[in-house]
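J.: The structure is given below, and queries will be raised subsequently.
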Amino acid sequence: MTRVVVLIACHNRRESTVRCLRSLIGQGGPEVSVRVVLTDDGSTDGTARAAREVWPGIHVLQGNGKLFWAKAMAFAESAAGDYDFLLWLNDDVILDPGALSDLLRTHGSLSGSDKGDLIVVGALRDPQSGAVTYSGVHRRSRLRPVQFTTVTPAERPVRAETMNGNLVLIPRYVAQRVGQIDARFSHGLADFDYGLRARRLGCAVWVAPGTLGTCARNPTTGSWTDPALTVRQRMRLACAPKGLPPGSWLRFTRRHAGPVWPLYWLSPYARLLAGAALVRMRGGARVLGSSSDTAREDPVAVRPEIPTSN
């Protein structure tokens, strides 16, 4: 019997969490035992109660509303107990029938081919357009070590450098080698960091064939990457836990951007401020207080999105 422990983080998305759990029912087949550990990070909408109704026996951990994705997932992993595989699952994912079997089958075929210790990523698609939304990722180039582009799944497994953390299968021996998700990240970047750390330790990251479920991409509207917002608003959102908080970005760039990491750390914030200066030079006296056409020009290179459970 293959033992899979599913790790989920949630916060006030009861309907999404319920749909996700329902799509998990029956996954893996009779030879797979599935347990679920859910970190409910201070939900006030009855998410935990609804989750228990859908999945009797679910292990629910209670957060204080300030854990966000990285800490909530690390908390869930700490309660995983014994297992053969961990499955990271974002609570806005709806799995296709047989998705878990496909992940396990892909792992078995690759490990049987002597490809070493490996992580298997399930690519996801937009529920309306069918376009790939989350998957493994590659660095854009050696000159851009902290900018990534999405890997398109194929008919056969495809290599990646790291991954979005929405649907990821991690065998026990990889988890033991790499360790837990780094809870010192505020929210995102922890998934990219995990995959890069795994590869540094000799583990491979593969994307399973095709797409294995649906998950809409998080909208940029109202986020720190939204060029319609004022620079002041964008800077405030960038420094918030779900944006690009300086402490988390510092941690990520120091680990993964090479010897010139201070330049990469400073770059997104400097480009936001440069955008403000550009507007000011063009006569936009309203730069930091209101929107203008030039304020809508995005001075920041946008990286692929990271999962947002909170």
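J.: Using a Gaussian network model on the chain with a 10 Å cutoff between Cα atoms, which of ARG217, ARG271, ARG251 fluctuates the most?
T.: Among ARG217, ARG271, ARG251, the largest mean-square fluctuation in the Gaussian network model of the chain belongs to ARG271.
J.: What is the antiparallel percent of DSSP beta bridges lying wholly in the chain, to the nearest 5?
T.: Working: 20 of 43 bridges.
In the chain, DSSP labels about 45 percent of beta bridges as antiparallel.
J.: Here is a further query. Say we join alpha carbon atoms closer than 10 Å with springs in a Gaussian network model of the chain; which of LEU38, LEU86, LEU237 then has the biggest fluctuation?
T.: Answer for the Gaussian network model of the chain: LEU237.
J.: Sticking with this one: List the residues, sorted by chain then number, that are 5 or more residues from LEU61 or on another chain and whose placed amide H is less than 5 Å from its amide H.
T.: Residues meeting the amide H criterion: LEU38, THR39, ASP40.
J.: How tilted is helix 99-111 with respect to the longest principal axis of the chain? Cα atoms for both, answer in degrees (0 to 90, nearest 10).
T.: Tilt relative to the chain: about 80 degrees.
J.: Order these by the 10 Å Cβ neighbour count, fewest first: THR221, THR152, THR211. Spell out each step's value before the answer.
T.: Working: THR221 9, THR152 13, THR211 24.
Fewest-to-most Cβ neighbours within 10 Å comes out as THR221, THR152, THR211.
J.: May I pose another question? Measure out, as a whole number of angstrom, how far apart the alpha-carbon centroids of the range 224-271 and the range 158-186 sit.
T.: 22 Å
J.: I've got another one for you. Label LEU266 and VAL54 with points 7 Å out from Cα along Cα→Cβ: what is the distance between them in nm?
T.: Using points 7 Å along Cα→Cβ, the separation is 4.7 nm.
J.: Can you put SER23, SER141 in order of Cβ neighbours within 10 angstrom, beginning with the fewest?
T.: Working: SER23 18, SER141 9.
Least crowded to most crowded, the residues run SER141, SER23.
J.: Which whole-number percent is the relative contact order of the range 99-214 (Cα, under 8 Å, 6+ apart)?
T.: Working: 218 pairs, mean separation 43.3, N = 116.
Dividing the mean separation by the residue count of the range 99-214 yields 37 percent.
J.: Another question, if that's okay. Take the alpha carbon gyration tensor of the range 59-150, find the square roots of its eigenvalues, order them as a ≥ b ≥ c, and report rounded if a/c is under 1.5; if not, report prolate when a/b exceeds b/c, else oblate. Don't skip to the end; give the middle numbers.
T.: On the way: a/c = 1.37, a/b = 1.15, b/c = 1.19.
Here the range 59-150 falls in the rounded category.
J.: Now a separate question. What number, in nm² with one decimal, is the all-direction average of the projected area of the convex hull of the alpha-carbon atoms of the chain? Walk me through the intermediate numbers first.
T.: Details: hull surface 65.3 nm².
Projected over every direction and averaged, the Cα hull of the chain covers 16.3 nm².
J.: Expected output is a single nm value to one decimal: the length gained when fully extending between CYS239 and ARG200, i.e. 0.36 nm times separation in residues minus the C-alpha distance. What is it? All intermediate terms of the calculation are to be shown ahead of the outcome.
T.: Working: separation 39, 0.36 × 39 = 14.04 nm, distance 2.86 nm.
So the extension gain works out to 11.2 nm.
J.: Next question, about the same structure. Which whole-number percentage describes the relative contact order of the chain, with Cα contacts under 8 Å and a sequence gap of 6 or more? Write down the numbers at each step before the final one.
T.: Numbers: 649 pairs, mean separation 60.0, N = 310.
Relative contact order comes out at 19 percent.
J.: Where does the chain land at 222 nm, in deg cm²/dmol rounded to the nearest 500, when only DSSP H runs of n ≥ 4 count, each adding -39500 (n - 2.57), divided by all residues? List each step's numbers first, then the result.
T.: Working: 9 runs with 101 residues, N = 310.
One gets -10000 deg cm²/dmol as the mean residue ellipticity at 222 nm.
J.: Once you have the Cα-Cα distance between ILE25 and SER141, take 0.36 nm times their residue separation minus that, and quote the gain in nm to one decimal. Walk me through the numbers before you get to the answer.
T.: Details: separation 116, 0.36 × 116 = 41.76 nm, distance 4.03 nm.
Gain on stretching ILE25 to SER141: 37.7 nm.
Read-outs: derived from the displayed coordinates by stated rules, not from any lab. Being a predicted model, the structure only gives us computed values, none of them experimental. Heads up, the Cβs are rebuilt from the backbone with ideal geometry, glycines too, and the neighbour counts pull from every protein chain shown.
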